[in-house]
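K.L.:
Sharing a structure here in structure tokens format.
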Amino acid sequence: MNGDMSDNNLRPSRLNINGKAVWVVDDHQYALLIWTKLFLDRQASPVLLSIDYHPDTNPPFWLYAYQKAMAIDPEREVELVEKFQKKMMTGINLNDLDTLQAVMASMRNDEQINTALELGIISDYHMVNCMEKHDYLRGHHYLVPENQFGCLDDVMFENIGLPLAEISSHDLILDIDLDYFRSRDNFNLELKQNKIFSDLVKQAKIITIARSKSYFDFLKKETFTIEECQERLIRLLTEIC
């Protein structure tokens, strides 16, 4: 990888929106490479705020380790899962991004957040989602009410109890999955009346966007393409910045 944020299978696109770096990836786990680059550049671990339909906080390399363990000896599942997870994690040297790139094929698109936390790439995370409010020893989850799925207005952030004062005291990565949005109306955000999302955008050191096309197509509520969704989000970010 050599620090250039590219690989043979996926080339994240980088946008500069009035000085704000915005990275777009197809598969959400590849955002981890971008978060790692920020961590190395700044030599500090920011806080992550992720907005997603799914919680995306499974343990590092969990599915890879589980499948491998079950193929070897189902009766030793717990022991072997931990063994294979540890082997994957200890093989990563953050001073050599190629070692992280080398294991990305074994990472699912719901394992990148806790991987980042375990590696020290982020110091904490706040996971805003529509499915589950996990209760882990580390990290924070917030469940969006069904009647507010896809919303970015102040009422949604207030309803879920997002600790804005705490978040504002840290360097921030803002991470957004396009499958969170259900319709075009989600982007009709009156910025003069809704300050919270704008403030988060302005605070963020970088913004990562995951396209997650298959999930987006399954969850959307109207005829609405992934390209249009991405364009509308970029337009909103540009208006804010």
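K.L.:
Given only helices, namely DSSP H runs of n ≥ 4 each adding -39500 (n - 2.57), what is the per-residue ellipticity at 222 nm of the chain, to the nearest 500 deg cm²/dmol? The partial results should precede the final answer.
P.N.:
On the way: 10 runs with 93 residues, N = 241.
One gets -11000 deg cm²/dmol as the mean residue ellipticity at 222 nm.
K.L.:
What FRET efficiency do you get for Asp199 and Thr99 if R0 is 35 Å and r is their Cβ-Cβ distance, rounded to the nearest 0.05? Provide the component values of the computation, followed by the final result.
P.N.:
Working: r = 36 Å, r/R0 = 1.03.
My answer for the efficiency is 0.45.
K.L.:
From a point 7 Å beyond the Cα of Met131 in the direction of its Cβ, which residues of the range 94-124 have a backbone N at a distance under 18 Å?
P.N.:
Label zone hits: 107-116.
K.L.:
Also, quick follow-up: Can you tell me the FRET efficiency between Leu63 and Glu222 if r is taken as the Cβ-Cβ distance and R0 is 35 Å, rounded to the nearest 0.05?
P.N.:
On the way: r = 32 Å, r/R0 = 0.91.
According to the calculation, E is roughly 0.65.
K.L.:
Given the options Tyr215, Ser169, Leu191, identify the residue whose Cα lies farthest towards the positive end of the charge dipole of the range 111-235 (+1 on Cβ of Lys, Arg; -1 on Cβ of Asp, Glu).
P.N.:
Positive-most Cα among the choices belongs to Leu191.
K.L.:
Please give me the summed charge of the neighbours of Ile240: other residues whose Cβ is under 11 Å from its Cβ, Lys and Arg +1, Asp and Glu -1.
P.N.:
Values: positive: Lys20, Lys195, Lys202, Arg235; negative: Asp199, Glu239.
Taking every other residue near Ile240 into account, the sum is +2.
K.L.:
Counting only the heavy atoms of the protein chains, how much of Asp73 is accessible to a 1.4 Å probe, in Å² to the nearest 10?
P.N.:
That residue has around 40 Å² of solvent-accessible surface.
K.L.:
Sorted by accessible area with a 1.4 angstrom probe, largest first, how do Tyr66, Tyr180, Tyr30 fall?
P.N.:
Numbers: Tyr66 70, Tyr180 0, Tyr30 25 Å².
Ranked from most to least accessible, the order is Tyr66, Tyr30, Tyr180.
K.L.:
Taking the Cα centre of the range 61-106 as origin and charging only Cβ (+1 Lys, Arg; -1 Asp, Glu), how large is the dipole, in debye to the nearest 20?
P.N.:
Working: 5 positive and 7 negative charges, 6 e Å.
For the range 61-106, the charge dipole is close to 20 debye.
K.L.:
Mind jotting down the three principal axis lengths of the chain based on Cα atoms? Whole angstrom, largest first.
P.N.:
56, 36, 36
K.L.:
What is the spin-label model distance, in nm, from Asp124 to Thr238 if the labels are put 7 Å beyond Cα along the C-beta direction?
P.N.:
With each label placed 7 Å out from Cα toward Cβ, I get 3.5 nm.
K.L.:
Can you pull the percent of Cα pairs in the range 61-106 with separation above 12 Å? List each step's numbers first, then the result.
P.N.:
Values: 611 of 1035 pairs.
Cα-Cα pairs of the range 61-106 separated by over 12 Å account for 59 percent.
K.L.:
For a quick check, take a GNM of the chain with Cα springs below 10 Å and name the residue from Glu231, Glu190, Glu118 with the largest mean-square fluctuation.
P.N.:
Looking only at Glu231, Glu190, Glu118, the biggest GNM fluctuation is shown by Glu190.
K.L.:
Going 7 Å from the Cα of Asp73 in the Cα-to-Cβ direction, what parts of the range 82-114 have a backbone nitrogen less than 15 Å from that spot?
P.N.:
82-84
K.L.:
Taking 0.36 nm per residue of separation and subtracting the Cα-Cα distance, what length does fully extending Leu164 through Ser183 add? Intermediate values should be presented prior to the final figure.
P.N.:
Working: separation 19, 0.36 × 19 = 6.84 nm, distance 2.62 nm.
Gain on extension, Leu164 to Ser183, equals 4.2 nm.
K.L.:
How high is the relative contact order of the chain, given as a whole-number percent (alpha carbon pairs under 8 Å, six or more residues apart)?
P.N.:
On the way: 418 pairs, mean separation 64.0, N = 241.
Reported as a whole number, the value is 27 percent.
The values are calculated or read from the model by the stated rules, or taken from the named source; none is laboratory data. Bear in mind the structure is a predicted one, so any value in this text is a computation, not a measurement. Here Cβ is always computed from backbone atoms with ideal geometry, including for glycine, and neighbour counts include all displayed protein chains. Note: accessible area is taken over every heavy atom of the protein model, side chains too, but ligands, DNA and RNA are not part of it. Shrake-Rupley method; radii C 1.70, N 1.55, O 1.52, S 1.80 Å.
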